[in-house]
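The block underneath contains the structure these notes are about, expressed in structure tokens.
The values are calculated or read from the model by the stated rules, or taken from the named source; none is laboratory data. What you see is a predicted model, and the numbers here were worked out from it, not measured in a lab. In this analysis, Cβ positions are derived from the backbone assuming ideal geometry, glycine residues included, and neighbour counts consider all displayed protein chains. Surface areas here come from the heavy atoms of the whole protein model, side chains and all, with no ligands, DNA or RNA. Shrake-Rupley method; radii C 1.70, N 1.55, O 1.52, S 1.80 Å.
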Amino acid sequence: IDSKFSFYTKEDKKFRFLRNSRLTKIEFKNIVIKFISTKGADYKKIAKKIWMNKKQIKSLATDGHQIGLHSHSHPYSMKDFNYEIQLDEYFRNFQILNNISGIECSSVAYPLGSFNQDTLKVMKKLKIKLGFRSSSSSINNNKYDINSSLLLPRIDSAFI
């Protein structure tokens with residue numbers, strides 16, 4: 001994790017490195033469940049408190065909030081997947097959220113800021129109008145149209 005995420009502590013960076021690069025999703029989930037259980041808590045009860053349910057998502061949409069995509073299974077490195085896999089990830093998320101909210105999604109926040117040219121093609125196919133990266137730093141290569149509405153910078157909530 002580079003300098004564009006200066007708000008992360010050393011421990012945050014170690015955690016993210018292990019989670020994103022060294023452990024499988026199943027290994028990570030099992031470690032988290034074991035840790036929570038050793039503290040005498042029930043991870044299913046915790047999940048119900050921290051994850052939105054369908055009724056809450058529908059309520060947000062009804063109240064006028066934008067419901068945006070973030071992928072179906074939240075891969076740690078979307079940029080490593082080809083067009084077809086990315087289309088499946090985002091299209092499943094698109095269908096589910098559209099069905100719950102009754103409103104067609106038109107924005108995306110890329111999981112962990114990971115995207116590539118295929119991701120942008122998927123967004124155009126899904127008619128996504130706004131895409132948010134995971135940082136406010138500029139894109140330092142000429143592969144991308146830095147003025148694209150699919151590559152908007154985002155300020156981390158740590159700064160709010």
Under 12 Å Cα-Cα from K10, which aspartates and glutamates qualify once same-chain neighbours fewer than 8 residues away are excluded? D2
Given all pairs of distinct Cα atoms, the stretch 97-155 yields a Kirkwood Rh in Å of 12.1 Å
If you build the Cα gyration tensor of the chain and take the root of 5 times each eigenvalue, what three semi-axes come out, in whole angstrom, biggest first? 26, 23, 16
Sparsely packed chymotrypsin sites (Phe, Trp or Tyr not before Pro) within the stretch 72-138, loop by DSSP, other Cβ within 10 Å at most 13: none
About the Cα centre of the chain, how large is the charge dipole given +1 on each Lys and Arg Cβ and -1 on each Asp and Glu Cβ? Please answer in debye to the nearest 20. 500 debye
Please give me, ordered by residue number, the trypsin sites (Lys or Arg not before Pro) of the stretch 22-93 that lie in loop per DSSP and have at most 16 other Cβ atoms within 10 Å. K39
Reduced to Cα centres, the span from the stretch 114-160 to the stretch 1-75 in Å works out to 21 Å
Solvent exposure of the chain as accessible area per residue, Å², 1.4 Å probe: 69 Å²
Per-residue [θ]222 nm for the chain (sum of -39500 (n - 2.57) over DSSP H runs n ≥ 4, rounded to 500): -12500 deg cm²/dmol
In nm², what is the average projected area of the convex hull enclosing the Cα atoms of the stretch 49-97? 4.1 nm²
